[in-house]
Amino acid sequence: MKKMILPALVCASVLLIGGCSKKPIASNNTAGRAAALAAPVHSRVVVFNGGDESIYHSFRIPSIIKTKNGTLVAFAEGRRWSPSDYGDINVVYKRSTDNGNSWLTLGEVVGKGPGTWGNPTAVYDPTVGANGRIWLFMEWNDSAKHKFSDFKAWGDRKIHTSYSDDDGITWSDPLDRTSDLTPASYKWDCVGPGIGVRTAFDHPGRLIVPAMGRNIYSDDHGNTWTSVPIPGATDESTIVELMNGSLMRNDRPGTTSWDSSKTRRKSVGSIESGFPGFSWVTALPDPKCEASVLRYNTDSPNRIIFLNPNGTGQRCNMTVRISYDDGVTSPRSRALYDAVNCNYTSSTVVYGGYSSMVKTSDYCIGALIEYNEDVHHSDSSHKSIEFNKFNLAWILNGQTEP
C-alpha cells in the first residue's frame, strides 16, 4: 500500500449549537441512551471546502464510516476544475479522531489520471486485523466521457475496490472488479453512493453494498464479492438491516418513475430470497436526490435514522427522521436548517443535497451534507460538504419517544 504522511491535526471552523461530550461515554447501552436523550446537541463543521481546499474546485458525493477505534473516515469526490459530474475527479478522504469535532488534512484514496473516480461507498469489517478493514467501492470512467450519452458499451463505467487496514491512513491500489460485479447489459453503473452494512442477524458478519439493480455482498470478509439482482427502476440506493434479519432498500427512483410520484421507493427482502418490486413511500417526498439511512441501535426501542431533502422541488430542507418500527413509519423528525435556507431567490448559500450518516462513539449522529456556495451560478459554483452532528434529544426537540 502507498504510504501517505498526514500533517498535524487541523481544526476547521465550527458553528456550535450545543456540543457532544468530548470525553468518551461509558460503552453500555444504558449510559449511551441516557447521553443521547439528555441535553440537545447540534454542531456543524466544514469538512470538504470547495475552492479553499488544496487543488479542488468542488466536493460532492459523501460517504462516512466509523472504525472500532472510534475514528471517523469521511470520503468525497474531489472535482478538480468544476462542479461537473464528469472530468478530472479523484476520491478523497479526511479522518477525525475526536468524534468529528476536528478533521485531519485532505488525502487521496485514488487520483490516477484525468478520468473520473466517483461514487465512494464504504463498508467496514471490524474483524479483520487489529484495526478492522475499511472497504471502499468506487466507479471509474475515462476522461472522454462528458455526459451520460457518452456511455455506449459495457465496461465504459468500471467498478473498483480499495481497502485500508490502518483506520484510513493508507489505501491499497484500486482493484477492477467490473468483470465479476457489473451486469453484462450495463453501459452505466452506480454503486451506492453512501455506505453499506455489516449484518448482525441474518448471516452475521456479511458485508453488503447496495448498487444499481443489485446488491453486492461478501461472506468471507471481502476476499470475494458476489452480486445478486433486484428489481430495477431505481438508480441510487441505501440499505439497512431490519430487526428480523431482512434487508430494506430505500432508493431514489429513476427519472421516469420519479415523475409520477416524486417520493422515495423501498423494497424489503434478502440476499437468498430476493426482493419484490419497489413500492412508493408516500410519506417521504424527495426531489430526486440521494438519501441516507442508518441503524442507530437494536435494543429497545430500536431506531432507524433517515435523512433526505424533504420536498419535491429543490435539494434543501434536509430533514432527519426516526423510525421505531423498522422503517414503516417515522413519527419523529426535525429539519436541520432554518426554513429560509430553502429560499433560492434571496439565498446564496443553500445547504442540502447528498448525505451520509454515521453513529459516533459519543452516541451522536454525524451527517455529511452537501451545500452549494452560490445557487445563482450553479454551473460554476463551488460545492462543499459539512459535518452536522446532533443527538436524539435534538431531533426530538422536547417530544417524548413513542
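The set of residues in region 67-95 being of a type in the set (A, V, I, L, M, F, W, C), closer than 18 Å to Pro120 by Cα and without any contact (Cβ under 8 Å) to a residue 40 or more places away in the chain consists of Ile89 alone.
Pairing residues of region 376-393 that are among the aromatic types (Phe, Trp, Tyr) with residues that are part of a loop (DSSP other than H, G, I, E, B), at Cβ distances under 7 Å and at least 6 apart in sequence or on separate chains, gives Phe387/Gly100; Phe390/Val41; Phe390/Cys364. Output yes when any residue across region 363-376 is surrounded by fewer than 16 Cβ atoms within 10 Å (Cβ to Cβ), assigned to a loop (DSSP other than H, G, I, E, B), modelled with pLDDT under 95 and not β-branched (Val, Ile, Thr), and no when none is. Checking region 363-376: at least one residue is surrounded by fewer than 16 Cβ atoms within 10 Å (Cβ to Cβ), assigned to a loop (DSSP other than H, G, I, E, B), modelled with pLDDT under 95 and not β-branched (Val, Ile, Thr).
Residue-wise test of (1) outside any strand (DSSP E or B); (2) without any contact (Cβ under 8 Å) to a residue 24 or more places away in the chain; (3) among the hydroxyl-bearing types (Ser, Thr, Tyr).
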{"residue": "Trp154", "(1), (2), (3)": "yes, no, no"}
{"residue": "Thr161", "(1), (2), (3)": "no, no, yes"}
{"residue": "Asp173", "(1), (2), (3)": "yes, no, no"}
{"residue": "Pro210", "(1), (2), (3)": "no, no, no"}
{"residue": "Arg252", "(1), (2), (3)": "no, no, no"}
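Whenever a residue of region 96-119 is of a type in the set (A, V, I, L, M), its partners that are part of a loop (DSSP other than H, G, I, E, B), lying with C-beta atoms within less than 7 angstrom and at least six residues away or across chains, give the pairs Leu104/Leu6; Leu104/Leu9; Leu106/Ser54; Val110/Pro174. Tell me which residues, restricted to region 138-149, are free of Cβ contacts under 8 Å to residues at least 40 places away in the same chain and either surrounded by fewer than 20 Cβ atoms within 10 Å (Cβ to Cβ) or farther than 20 Å from Pro62 by Cβ (or both). Across region 138-149, the qualifying residues are Asp142, Ala144, Ser149. The selection criterion, being surrounded by fewer than 21 Cβ atoms within 10 Å (Cβ to Cβ) and assigned to a loop (DSSP other than H, G, I, E, B), does not hold for Gly269. One residue stands out among those in region 102-140 that are under 19 Å from Tyr86 (Cβ atoms) and in a loop (DSSP other than H, G, I, E, B): the one that is modelled with the lowest pLDDT, which is Lys112.
Consider region 377-402 and keep the residues that are of a type in the set (D, E, K, R) and surrounded by fewer than 18 Cβ atoms within 10 Å (Cβ to Cβ). The one that is modelled with the lowest pLDDT is Asp379.
The values are calculated or read from the model by the stated rules, or taken from the named source; none is laboratory data. Since the structure is predicted, the reported quantities are computational estimates derived from the model, not experimental observations. Here the Cβ is made from the backbone with ideal geometry for all residues, glycine too, and neighbour counts use every protein chain on show.
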